[in-house]
Amino acid sequence: MTPGFVVRRIGFYVLVAVVLAFFAVPMLWLASAPFDARPGLGLRWPDWTWSNVTATFQHPFALTSLLNSLVLCGIATVVTTAFAALAAYSLSRVRIPGRDLLLYLLLLLSSVVTGTAAMVPIFVLMLQLGLINSQFGTALVIASGMLPAAIFILKDFVDAVPRSYEESARVFGASPAQVLGHVVLPIARPGIATILVWSFVNAWGNFLLPFLLLRDVGKQPAAVLLRTLNDEGGSANLTVIPVFSLLYSIPVVALYLLVSKRYGFRFHGGIKS
Amino acid sequence: MAGIEITGVSTVYPNGVRAVDDLDLTIADGELFALLGPSGCGKTTLLRTIAGLEPAAAGSVAIDARDVTRLEPGARGVAMVFQDYALFPHMTVAENIAYPLRVRHVAKSRQREVAAQTAGSLSLGELLDRRPGQLSGGQQQRAALARAIAAGAEVLLLDEPLSNLDARLRLEARTFLKRLQHELALTTVFVTHDQAEALALADRIAVMDSGRIRQLGTPREVFQRPADTFVANFIGSTPMNLLPGKASDGAVSVAGARLPVEVDLVDGTPLVVGVRPEYLKVSGAGLSGRVSIVENLGVTSLVTIECADGTLVGLTVPEQEEPAVGEALSVSAAPGRLLLYGEDGRLLGSR
Amino acid sequence: MRAADSDVAGLGATRAIAFVAPALLLIGVFLVFPALWTLYIGITNYQLTGPAAAQPRVVGLDNFVSALNDALFLNSVGLTALFVFGSAVIGQNVLGFVLAWLLRRVRPSLRRTVEAFVLLAWILPGPVVAYLWFAVLSRDGGTFGLLLNDPATAWLVEYPMVSLIVFNIWRGTAFSMLLYTSALAAVPPTQLETARLVGASGWQTVRDVVFPHIRGHVLTNTLLISLWTANDFTPFLLTAGGPNHRSEVLPVLIYRQALESGQLGYASAMSLLLLVGNLVIALVYLRLLRRRA
């Protein structure tokens, strides 16, 4: 081992350590502050306690907002997955006139019309439809924003399924419904699971649309309540915010662990946007 | 009697290519029939048209004297094994084999019974609860065959049934397939690009090119008397000698030699003389030249001789008679093995 | 290519269209229509409250003209460009590549640990990570101040744009890292070995062997992360545009104009610029995809 080599090795590990610290330090607070008897903004070894958790459960809106998040994301996820699956299958297997143009426009839309760029017309539209404060309406808006990308990811999956499966089933006399139920759906299950997780994670973290469209605090999801808690200021909320942030993050992290364990963290174009 | 009657069938791709072009073909009941040709010749498309997976743009397909041209694939009474087998990965072998019955809502117990019975006769009995992913290539192929047989159809269609197996397994599977077809006596049509496979398996062969049939006949006919130079080129494991020549004084002159065969053609008419390397032997007279290459084929050797005018002629010799490179040789054909093709490539006759 | 490519499953055109219809309906109502409507609202004096709320009037290009003369708007465009360039084009791109390159050959356990944290930063909900960084950078007790032994500085107030840029690098590097990891896996190992055999240094290897292979990925990655960064609303949660408009990127400005000042028409005109920017990036991106296909 030459001295140059040793210096390079040390430099290498220092670099990795710095990067690791950069990414890890902000997150560690999420593990310590919820259980600290005197939670502060800075990172420190906690005086262990459960009292913050109790306080959070007693907060008038904390649990409601998590429930709201579940309802909102549940609807958005189911709508996105069901509609995208139907559309992707049809677009993959049937040559509808104008299909290629449609696919091109969908791909374009999925990146151009973001919630941010279209927030004004979306707000006005929902205002005029009387859907401000409607969780269902908001879920539909969130779903439609995710649909183009979801259709694309799923169409990739379906395209990779050999056509001979369906042809084989047809030769043995299966009707279109049987082909779908016996063959296509079971084989496309990993793709559908991916979209379920993808759309849930995306909807779960969406702040802008519910912030814009749900003005009633009793209907707001966790994403919006967290900001409200922070905006109110005051030290009282430092008992609630850490626990609440943790509770709000758990579903996403759990899903991530589940996906990376079952399928490996595969990479689909713009899987998260 | 489940014969297949194909009349004037054309299958056209969306881009206008006529994959099958105004084709007539009759396949007899119980026959093991091969569709043979290079890739892109339309053989698979023809098979898929029989199955109903490709719509026929013109003509009609009849199975068992019943016009099925407009029927769905499932209503035609055919079963098919796909090149990639298309075994459903989420179903066990038993579920795969019984799938044709499940589609028809046959009772579960009966499904299981048929699956066990069919699997048993294809020595898959131990594997009923495995998934396709846990089977070897040969087992997958047999499972796909079992599923097709369990469908109880009268016509069996096989798309390149042996192409996904490795070389040694392919020979075993070939023998197995021939015996199975013989026992079941199902009308069977298979597609292959491997001429040796077609020759070994089939009762009759249709050699296809550009959506049409070039030659229809038994393996012996197709091997011994190719109807044109395309078929002559395509059939045979060693390439047939196709030597340019012309008629002169009622005989044929080729590669600087005069072959003592009688032709009834105007002097100077261009001809192609075809002869298989296996049918040439060393003799005192005939085509002469020097040995330029010797290739060992196992029991025989393929010897290429170069004639004075540069024409290359191949012949096979038994391994113990292998000549040295550079040696001068004369070769002549066994009687009746010399084929004469006209300028258009069509067979004029044999001598 | 097969004739039956038109319909493998025997679905039939009617059913096929029925399958696509629900998705297209939602996309049409909540995506296409709003995008087009932006054009119309942008040429009116529509307001959230007051007389112009009930009876908006078409004012032609007035909104666009005033936007181009509005110092706040120009400031915001500049800040957005800085944000995109600093955090995405340079920050996430470079850090993502460096991570992918460095982690190639370290112990699997170390690689998985680093990757897990980088990915976690990406998948945690936006409001949570915004709060985490608010805590790190705040005055009197924030971790960053404690580390530098400088608890009196309110980093988000003193250096708002730098804070946002660092935050967004932290937040989004995972995507670039994943993309470059898969791109690097596709570089033929024999070419890397050839470079080692002729004695090329690490930098020479990257420049002469790796870069030519991943050039397309670099471009794709840059376009996508730029687009996402330009449309990111999370800065609102960290600084809300302040102090005194010093971190007011375009998404934040649009929100404040539309919902806080109620100038819906004017905000729409500004959104149009964002839409056009997105469209340009998306068109270039699709062109690249098509050329590669």
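The values are calculated or read from the model by the stated rules, or taken from the named source; none is laboratory data. Quick caveat, the model's predicted, so the values are computed rather than measured. With ideal geometry, Cβ positions are generated from the backbone for all residues, glycine too; neighbour counts draw on all protein chains shown.
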Could you check, for the stretch C:273-283, whether at least one of its residues is farther than 26 Å from C:R171 by Cβ and either surrounded by fewer than 24 Cβ atoms within 10 Å (Cβ to Cβ) or free of Cβ contacts under 8 Å to residues at least 40 places away in the same chain (or both)?
-> yes
Among C:G28, C:G12, C:G50, C:G78, which is facing chain A (nearest Cβ under 9 Å) and either among the hydroxyl-bearing types (S, T, Y) or out of contact with any helix residue (DSSP H, G or I) (no Cβ under 8 Å at 6 or more places or on another chain) (or both)?
-> C:G28
Of the residues in the stretch C:223-235, those that are polar (S, T, N, Q) and either closer than 10 Å to C:Y285 by Cα or under 8 Å from the mean Cα position of the chain (by Cα) (or both) come to C:S226, C:T229, C:N231
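A quick yes/no check of all residues on (1) modelled with pLDDT of 90 or more; (2) within 18 Å of C:L237 (Cβ to Cβ):
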site	(1), (2)
C:R112	no, no
C:V118	yes, no
C:A121	yes, yes
C:P127	yes, yes
C:G141	no, no
C:F144	no, yes
C:N149	no, no
C:A152	no, no
C:E158	no, no
From the options A:R170, A:R163, A:R189, residue that is surrounded by 21 or more Cβ atoms within 10 Å (Cβ to Cβ) and within 14 Å of chain B (Cβ to nearest Cβ) = A:R170
Output the number of residues of the stretch B:125-160 satisfying the condition of being part of a loop (DSSP other than H, G, I, E, B), farther than 19 Å from B:V189 by Cβ and away from chain A (no Cβ under 13 Å).
-> 5
Candidates C:P34, C:P22, filtered to the one that is within 22 Å of A:M126 (Cα to Cα) and surrounded by 22 or more Cβ atoms within 10 Å (Cβ to Cβ) | C:P34
Does at least one position in the stretch B:263-278 carry a residue that is surrounded by 19 or more Cβ atoms within 10 Å (Cβ to Cβ), closer than 19 Å to B:R225 by Cα and charged (D, E, K, R)?
-> yes
Scope the stretch B:304-328; condition buried (at least 18 other Cβ atoms within 10 Å of the Cβ) and under 22 Å from B:Q224 (Cβ atoms); matching residues = B:V313, B:G314, B:L315, B:T316, B:V317
So which residues in the stretch A:155-197 are closer than 14 Å to A:S92 by Cα and within 16 Å of the chain's Cα centre (by Cα)?
-> A:G191
Got at least one residue in the stretch B:252-273 being touching a residue at least 40 places away in the same chain (Cβ under 8 Å) and in contact with a Phe, Trp or Tyr (Cβ under 6 Å, 6 or more places away or on another chain)?
-> yes
Consider B:M80 against the criteria (1) crowded, with 16+ Cβ neighbours inside 10 Å; (2) within 12 Å of chain A (Cβ to nearest Cβ); (3) farther than 23 Å from B:T175 by Cα; (4) not aromatic (F, W, Y): it satisfies all of them except one. Which criterion is unmet?
-> (3)
Selection count, the stretch A:120-147, where residues are crowded, with 24+ Cβ neighbours inside 10 Å, of a type in the set (A, V, I, L, M) and under 22 Å from C:Y46 (Cβ atoms) = 3
Where in the stretch C:210-278 are there helices (runs of 4 or more DSSP H), lying fully within it, with 2 or more residues that are under 21 Å from C:A121 (Cα atoms) and out of contact with any strand residue (DSSP E or B) (no Cβ under 6 Å at 6 or more places or on another chain)?
-> C:211-230, C:234-238
From the set of residues in the stretch B:299-314 that are in contact with a Pro (Cβ under 7 Å, 6 or more places away or on another chain) and touching a residue at least 60 places away in the same chain (Cβ under 8 Å), which is nearest to B:G289 (Cα to Cα)?
-> B:G314
Within the stretch A:248-255, can one find any residue that is in contact (Cβ under 8 Å) with a residue 24 or more places away in the chain and outside any helix (DSSP H, G or I)?
-> no
Restricting attention to the stretch A:3-30, the residues that are touching a helix residue (DSSP H, G or I) at 6+ places or on another chain (Cβ under 8 Å) and among the small types (G, A, S) number exactly 1
Does A:A143 satisfy the criteria of being more than 17 Å from A:V71 (Cα to Cα) and either in contact with a strand residue (DSSP E or B) (Cβ under 9 Å, 6 or more places away or on another chain) or at the interface with another protein chain (Cβ under 9 Å from one of its Cβ atoms) (or both)?
-> no
Among residues of the stretch B:93-105 being under 33 Å from the mean Cα position of the chain (by Cα) and more than 7 Å from every other protein chain (Cβ to nearest Cβ), the residue surrounded by the fewest Cβ atoms within 10 Å (Cβ to Cβ) is B:E95
Going through (1) among the aliphatic types (A, V, I, L, M); (2) at pLDDT below 95; (3) within 12 Å of the chain's Cα centre (by Cα) one by one, B:L135 fails only at (3)
Pick from the stretch C:147-170 the residues that are facing another protein chain (nearest Cβ under 10 Å) and part of a helix (DSSP H, G or I): which of them is farthest from C:V209 (Cα to Cα)?
-> C:L147
Right, C:V162: at pLDDT 90 or above and surrounded by fewer than 17 Cβ atoms within 10 Å (Cβ to Cβ) or not?
-> yes
Working carefully through the options A:I153, A:I132, A:I142, find the one that is in contact (Cβ under 8 Å) with a residue 40 or more places away in the chain and in a loop (DSSP other than H, G, I, E, B).
-> A:I132
